[in-house]
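Worksheet: one structure, shown below.
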């Protein structure tokens, strides 16, 4: 997620917005994991308030904390 934010994201204050968010299956294919694993990791990161997402966008609230968590590459 951190790499995606750095490559395709747009800084908005302290946060980073990725407007063309990928499906969980696309992320799983890129990270060689299952879709279920992607969903679990994303939900854990959301519960820690590190990121939020919906079908249209990903909002990385804390890029430094995301890097520390190592969520999905």
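Rule-based calculations on the coordinates, nothing more; no lab input. The structure displayed is predicted, hence computed values, not measured ones.
For the chain, modelled as a GNM whose springs connect Cα atoms under 10 angstrom apart, the maximal fluctuation among 52, 37, 16 occurs at 37.
Between helix 35-47 and the chain, what is the angle of the helix's C-alpha long axis to the longest principal axis, kept within 0 to 90° and rounded to the nearest 10? So the helix axis and the longest Cα principal axis differ by about 30 degrees.
Between residue 34 and residue 49, full extension at 0.36 nm per residue minus the direct alpha carbon distance yields a gain of 3.1 nm. The radius of gyration of the Cα set in the chain, together with its Dmax, comes out at 11.0, 33 angstrom.
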